[in-house]
1. Only helices at least 15 Å long along their axis, Cα-based, and averaging -0.5 or more on Kyte-Doolittle count here, so list those DSSP H runs from the chain.
2. So what's Rg/Rh here for the chain, counting alpha carbon atoms and using the Kirkwood radius for Rh?
3. Simple spin-label model, 7 Å along Cα-to-Cβ: D132 to R27 in nm?
4. Which one of I134, A53, T66 is farthest out on the positive end of the charge dipole of the chain, using unit charges on Cβ (Lys, Arg +1; Asp, Glu -1) and the Cα centre as origin?
5. Taking the Cα centre as origin and putting +1 on Lys and Arg beta-carbons and -1 on Asp and Glu beta-carbons, what dipole magnitude results for segment 3-226, to the nearest 20 debye?
6. Along the charge dipole of segment 122-215, pointing to its positive end and built from +1/-1 on Cβ of Lys, Arg, Asp and Glu, which listed residue (T201, F211, W145) has its Cα farthest out?
7. Output the direction-averaged projected area (hull surface divided by four) of the convex hull of the alpha-carbon atoms of segment 56-161, in nm².
8. Strictly greater than 19 Å: what percent of every Cα pair in segment 1-129 meets that?
Amino acid sequence: MKAQVRRMIADIESEVRYTRNAIGKDRLSADVMRVMAEVPRDAFVPDALKSMAFENGPLPIGHDQTISQPYIVALMTDLLQLDKDDVVLEIGTGSGYQAAILSRLCKKVYSVEYVPELSHAAALRLQQLGYDNIEVRAGSGYGGWAEHAPYDAIIVTAAATHIPEALLQQLKPGGRLVIPVGGPYSYQELVLVTRDEQGKTHSRNILGVAFVPLRESATPYDSETAG
């Protein structure tokens, strides 16, 4: 493991210990941490920012979007408690980094991105890097991706003003949804929603976060690509 990756992993572990009271644990899954070390984060950031790829902070990727802080990527992934046979919906493909992390822990990832240019670029990048169990689609994330529902887990990587009903409907009994909730560029809370076997949902606030807003549109999906 190269020094930059080791430092990133150490930074994640330090943040986990610092926030352990909020997140309810003092370490993340060994599988999650292994994948965080294996997926090349520098392959998902703009060329001009590659020297900063492994720093524990978000980075801009264009179109007013960001690649999330490594700690947040790891935490949200850990909260999903993924199994190798799970099918996951991601809202907010961005650069494709979070999808790549998820894909190494589950059977299939379906990812929706509002910005068509980012959707196309992410799908191509993921394909070139060999992440062949991810499908990327351009469209509004508030509606989810009903065609492949229900999902074992759903992750939203942009802040919604509320938890979209469509996403709750697309979550399997026993499933887990992780989503930042709050106003644009104001206080937001990372929320974990679980659906029990009777179909009832339960939510728990995890900790304060800062995400770009989840955009909503009345238009249908613009395009579809497969990674």
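Computed from the coordinates by the stated procedures, all read-outs in this text should not be read as laboratory data. In this text the structure is predicted, and so the values were computed from the model without any measurement. We place every Cβ from the backbone using ideal geometry, glycine too, and count neighbours over all the protein chains shown.
1. Details: long enough: 3-18 (22 Å, -0.42); 70-80 (16 Å, 1.52); 116-128 (18 Å, -0.29).
Helix filter hits for the chain: 3-18, 70-80, 116-128.
2. Working: Rg = 16.1 Å, Rh = 17.3 Å.
Computed over Cα atoms, the ratio is 0.93.
3. Spacing of the two 7 Å Cα→Cβ label points: 3.5 nm.
4. Farthest towards the positive end: A53.
5. Working: 21 positive and 28 negative charges, 115 e Å.
With Lys and Arg at +1 and Asp and Glu at -1, about 560 debye.
6. About the Cα centre, the residue reaching furthest to the positive side is F211.
7. Working: hull surface 25.5 nm².
For segment 56-161, the mean projected area of the Cα convex hull comes to 6.4 nm².
8. Numbers: 3919 of 8256 pairs.
Cα-Cα pairs of segment 1-129 separated by over 19 Å account for 47 percent.
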